[in-house]
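Undergrad: Sharing a structure with you now.
The values are calculated or read from the model by the stated rules, or taken from the named source; none is laboratory data. As the structure is a prediction and not an experimental result, all values here were calculated from the model. Here Cβ is always computed from backbone atoms with ideal geometry, including for glycine, and neighbour counts include all displayed protein chains.
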Amino acid sequence: MKSFLFAIATLVAATGGAFAADVVTLEPPPPVPVASTYNWTGLYVGAQAGYDWAKTSYNFSNPVPSGSFTPSGFVGGLYVGYNYQFATPLVVGVEGDVDYSNVKGSFDNPFGGFSGGSAKLRWQGSARVRVGYAFDRFLPYIAGGVAVGDFRFEGGPGLGSGITPALESWNKTMTGWTIGAGVEYALADKWTARLEYRYTDFGTAHGNLAPAYSSVVETMKVRDHSVRVGVSYKF
């Protein structure tokens, strides 16, 4: 009897060991890494540069012809701003900038009377509100606000008059509004780059061409376009 029980116990032990050897242990799959979402909240400073062209209309208080011309040139400077990103992809911010400008051009109109002149935008600045929608590190946005530009204008007889032109100059700081759109990309946690288009309406300015032509008032109406690239550091 004892021999029979011992044989059964030995058989059970051997069978259990065989089953255990056939059991496959399943390891849990490794965790899938989750891509981090970039957060646009923070203070930033940057530098920008681009090309600017200003559609400028002119006329005079005497009966010489009116017309338009397009000063153009380089613009570049610095900007500072702050963004706040909500729990959603919505990003809202404020930004101010100031730029050196070498935007200039001239006109000479010999038709119906002789008139000449020029315009030069020497510096400009703006204060704007930005609203964007973030796709992680990619931020399309629109921006708008107040703009200021410092201009030097000239007016007088044109080259076609047959006399040496004696242009009188006058200066004007013009205030208007600006609106634009752009795209910004986070190159790294602290560095971003942008491409932006901006339209600015500086309004209309009037200047007396004294002392040579004290009875003549020159009027300039400036509508400005610019394309800029910028790089900024986020704190």
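Undergrad: Just to verify a result, which residue in the stretch 68-93, among those that are part of a strand (DSSP E or B) and among the hydrophobic types (A, V, I, L, M, F, W, C), is surrounded by the most Cβ atoms within 10 Å (Cβ to Cβ)?
TA: Val75
Undergrad: Only one of (1) surrounded by fewer than 16 Cβ atoms within 10 Å (Cβ to Cβ); (2) at pLDDT 95 or above is not met by Arg128, so which one is it?
TA: (1)
Undergrad: Oh, and also: Step by step: first the residues of the stretch 206-235, then only those that are in contact with a Ser or Thr (Cβ under 7 Å, 6 or more places away or on another chain) and of a type in the set (A, V, I, L, M, F, W, C), then the one that is nearest to Gly81 (Cα to Cα). Which residue is that?
TA: Looking at the filtered set, the residue picked out is Val222.
Undergrad: Identify all residues within the stretch 39-62 that are more than 26 Å from Leu187 (Cα to Cα), surrounded by 19 or more Cβ atoms within 10 Å (Cβ to Cβ), modelled with pLDDT of 95 or more and of a type in the set (A, V, I, L, M, F, W, C); write none if there are none.
TA: Answer for the stretch 39-62, where residues must be more than 26 Å from Leu187 (Cα to Cα), surrounded by 19 or more Cβ atoms within 10 Å (Cβ to Cβ), modelled with pLDDT of 95 or more and of a type in the set (A, V, I, L, M, F, W, C): just Ala54.
Undergrad: Another question, then. Right, Phe135: at pLDDT below 95 and of a type outside the set (Lys, Arg) or not?
TA: No; evaluated as a whole, the condition is false for this residue.
Undergrad: Being aromatic (Phe, Trp, Tyr) and loosely packed, with under 15 Cβ neighbours inside 10 Å is the filter here, so list the residues in the stretch 186-224 that pass it.
TA: Correct list: Trp191, Tyr197.
Undergrad: Return yes when Asn102 is loosely packed, with under 14 Cβ neighbours inside 10 Å and at negative phi and no when it is not. Can you show your working first?
TA: Values: loosely packed, with under 14 Cβ neighbours inside 10 Å: no; at negative phi: yes.
Criteria not met by Asn102.
Undergrad: Could you check Val222 against (1) over 15 Å from Gly149 (Cβ atoms); (2) in contact (Cβ under 8 Å) with a residue 24 or more places away in the chain and say which number it fails?
TA: Looking at each condition in turn, Val222 falls short on (1).
Undergrad: Among the charged types (D, E, K, R), in contact with a helix residue (DSSP H, G or I) (Cβ under 9 Å, 6 or more places away or on another chain) and at pLDDT below 95: which single residue out of Asp189, Asp108 fits that description?
TA: None of the others qualify; the one that does is Asp108.
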